[in-house]
Amino acid sequence: MHKKTSFARLRDLPQANSDKRRNFLYNKKVDIKSHISAVSAVVVLFTAAFLFVVFFYINNLPQDSSNVVENSPCADTFQEAQDAPAPSLQGYEGFLPISLHAASSVDIPADLKLYLDGSGSAFFFLPSHAAMDCLQFQFDETIYQIEIDGSLVRPSAPLASYESGREYSLRIITQGTSQSDTMSLTFMQSQNLPAVFISTATGSLDYMHLSRDNQEPGDFICVLPDGTRDSSGALTARCHGNFSYLAVNKKSYQIYFDKDTNVLSMGDASRYILQANALDITRMRNGIVYAYCRDAAVPYAVDTEYVDLYFNGEYTGNYLLCERVEIGKDRVNLEETGYLIEKMISDRIKPGDRAFQVSGMNWFIIRSPGIVSDEALTEVTEYMNNIKERISYCDSQEKYEELDAVIDIASFADMYLVNAITNDIDANIASTFYYLNGTGNERKLYAGPIWDYDNSFGRNGRGYDIELSAYPSGLCEELYAVPYFHDTVKEKLNSTYQPLMEQYLTEYIPWLQAHINPSVCMDLCRWRAKGYLPVTNAGRDDSIQYLYDYIRKRLDYVSGYINHPEQYHHVRFINTSSGADYRDSELWVRDKELISDEVIEELYDRFDCVGLQFENGLTYTNNYPVYSDITLYSTR
């Protein structure tokens, strides 16, 4: 929520023209005639003389223009408020009612408000399609006087003489006070990206931000970089996310159109997600992974577009507009008997969720359809547990062929490789989807769609180590132990995933970085975000280089153990805490090499344990090389 100013409070004080003492006496009305009839002439003369002296004294008091509320016990408070100077804008972070208004020929449906960063800098954030010569200043001259580089600026003054990207000196004078604030002013402009404008019914985000469940109606307009309107419609908006909703001020949002709307050629649908990517200072991890999955032909890979988002004329930042993972004709297109299933952390399960457990993997929920009978819940629960059991006992070609009849092997290989290469800490914990489709003998379980990878590629502490898996094993990882599945994974890696990521490192990621850079620069000025990286306070340039390095090293590591399994040993670490989300981790260690101290320390922290031991109870120390596949258990 944005801070609110109190600059208008002096203007709103009640008006009065006389001194407090004079008001008091004037309101003490005296009826002289009633006294004359009741007292002697001496008393009358005395009273008249007294009143004459009093009125003479009052009329000769020094007069001022103090604004005092008549007979109010708060009069002294108002007097102090009037005498106090207007609050300084120095240190204020938020938007002011000083705006840029667009001519009718430019599709900017909201006036763009001035942003102050609290550190002596002010910004106007312009969408890609805005033309400076079609914008003009808009503000109330009874509240503010504005000077730019020493020249007075009037309302309706055009911006034609100003340049985007150049720094000016801005002076804001609060009218009716002696307060004057000087700061830098920059007109920043995005490039290449569509702009999304959402106006809420209250004109604010305060109510929405109070709770993730709070919704607010509004209107939506999307404008392409060339100024063409792409889509529009009435909608309802609310906050989106779990940890990110609580951890950062830059929120993600879900939007629900009143009717299906095709936004940026993503197909007709009523629901979309605006991902803030606030925890990722590069703003690229989700965008890279979603595009990677689309290019790798992963079924139902999420379609996305980067946009500049404005709520009620206030620049909200660089966002990734995404399809929502849901059942639909232009989304996950399932038969009527199909189910969309999501892995879920237990404390995020809500009343009414159709939740179930899979042996050794904790909780899942049926995300779609919305209404699921008890019989259907039982059916899905039994199906998923049956799949888990089949994978555990798949030790022959015959059993693998039987498994192939009930799961889609190719999609499981896709999910395995995406998880392995990205090393996302949330994989197999939350935001991991499966879908069950078909009827009778054609019924199969599919892995996907892929969703939410802002914690990938070493962004979070659990993923800093290049080789230790940052996520627990799921169905795909357990299936990798089956040699026949390994062959499918190896073929996909070498034919698609590795050459495609090589191309991404040299072509797509540099292009994406340049493509969104003007928008991200505006975003970082708006939010001054920091990424969680090993280098303290690393800036965006260093963070991007870290991202490149991590992807390269992780890809080489994954390619090594998949293509040369004879050179590696599989080390599995089991968390013995019951119900733990991080139930295990895995590591592929080259023959005769040690498990590093850094890996052991990370596991102690991740499993909240004090040691590791073999299945026979013997304590493990990392002083000896690894000669074979081993399993280690946490101790407390």
ask   = Once you put a point 7 Å from the Cα of residue 596 and another 7 Å from the Cα of residue 377, both along the Cβ direction, what distance in nm separates them?
value = 4.6
message = Can you tell me the length gained on complete extension of the stretch residue 542 to residue 179, counting 0.36 nm per residue apart and subtracting the Cα distance?
response = 126.6 nm
key: Simple label model, 7 Å out from Cα along Cβ direction - residue 393 to residue 631, nm   = 1.7
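If you take the Cα atoms of segment 447-588, find Rg, then find the Kirkwood Rh from the mean of 1/r over all pairs, what is Rg/Rh? Present the calculation step by step, with values, prior to reporting the outcome.
Details: Rg = 17.5 Å, Rh = 17.4 Å.
With Rg and the Kirkwood Rh in hand, the quotient comes to 1.00.
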message = What does the charge count around residue 583 come to, taking other residues whose C-beta lies under 15 Å from its C-beta (Lys +1, Arg +1, Asp -1, Glu -1)?
response = -2
task = Any chance you could list P(r) for segment 107-181, counting all Cα-Cα pairs in 10 angstrom bins from zero, rounded to whole %?
result = 16, 53, 28, 3
ask   = For the pair residue 491 and residue 262, how long in nm is the line joining their label points, each one 7 Å along Cα→Cβ?
value = 3.7
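Could you sort out which of 113/251; 250/350; 251/350; 250/492 sit more than 30 Å apart by Cα distance in this structure? Please list the in-between numbers first.
Values: 113/251 19 Å; 250/350 24 Å; 251/350 21 Å; 250/492 37 Å.
Going by Cα-Cα distance, 250/492 fall outside the 30 Å limit.
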query = For segment 95-123 and segment 193-227, what is the separation of their C-alpha centers, rounded to whole Å?
reply = 16
task = Just flag the trypsin sites (Lys or Arg not before Pro) in segment 147-225 sitting in loop per DSSP whose Cβ has no more than 11 other Cβ atoms within 10 Å.
result = 166
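Across all directions of projection, what mean area in square nanometres is found for the Cα convex hull of segment 202-259?
Details: hull surface 19.2 nm².
It is 4.8 nm².
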Shape metrics for segment 243-364, restricted to C-alpha atoms - Rg then Dmax, Å = 16.2, 50
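Report the far tail of the P(r) of segment 188-290, meaning the percent of Cα-Cα pairs longer than 24 Å.
Values: 1446 of 5253 pairs.
Result for the distance tail: 28 percent.
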query = Going from most exposed to least, what order do 300, 446, 272 have by accessible area with a 1.4 Å probe?
reply = 300, 446, 272
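Pairwise over distinct Cα atoms, reciprocal of the mean inverse distance: report the Kirkwood radius of segment 460-532 in Å, one decimal place. It would help to have the intermediate numbers written out before the result.
Values: mean 1/r = 0.0629 Å⁻¹.
Computed over segment 460-532, the radius equals 15.9 Å.
At R0 = 60 Å, how high is the FRET efficiency between residue 204 and residue 549 if r is their beta carbon distance? Nearest 0.05 is fine. Each step should come with its number before you reach the end.
Details: r = 42 Å, r/R0 = 0.70.
Computed FRET efficiency for residue 204 and residue 549 comes out at 0.90.
In segment 144-237, carbon and sulfur make up what percent of the accessible area (probe 1.4 Å)?
On the way: 1840 of 4240 Å².
Roughly 43 percent of what the probe reaches on segment 144-237 is carbon or sulfur.
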ask   = If all Cα-Cα distances of segment 372-497 are sorted into 5 Å bins from 0 onward, what percent lands in each bin, rounded to whole numbers?
value = 2, 10, 19, 21, 20, 14, 8, 4, 1
key: Under 14 Å, Cβ to Cβ, from residue 268 - net charge with Lys/Arg +1 and Asp/Glu -1   = -2
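At a Förster distance of 25 Å, what's the computed FRET efficiency of residue 163 paired with residue 119, Cβ-Cβ distance as r, to 0.05?
Values: r = 22 Å, r/R0 = 0.90.
Result of the calculation: an efficiency of 0.65.
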key: Local net charge near residue 626, Cβ-Cβ under 9 Å (Lys/Arg +1, Asp/Glu -1)   = -1
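The values are calculated or read from the model by the stated rules, or taken from the named source; none is laboratory data. Nothing here was measured: the structure is a model prediction, and the numbers come from that model. Virtual Cβ from ideal backbone geometry, glycine too; neighbours counted across all protein chains shown. SASA here: full protein model, heavy atoms, side chains in, ligands and nucleic acids out. Shrake-Rupley method; radii C 1.70, N 1.55, O 1.52, S 1.80 Å.
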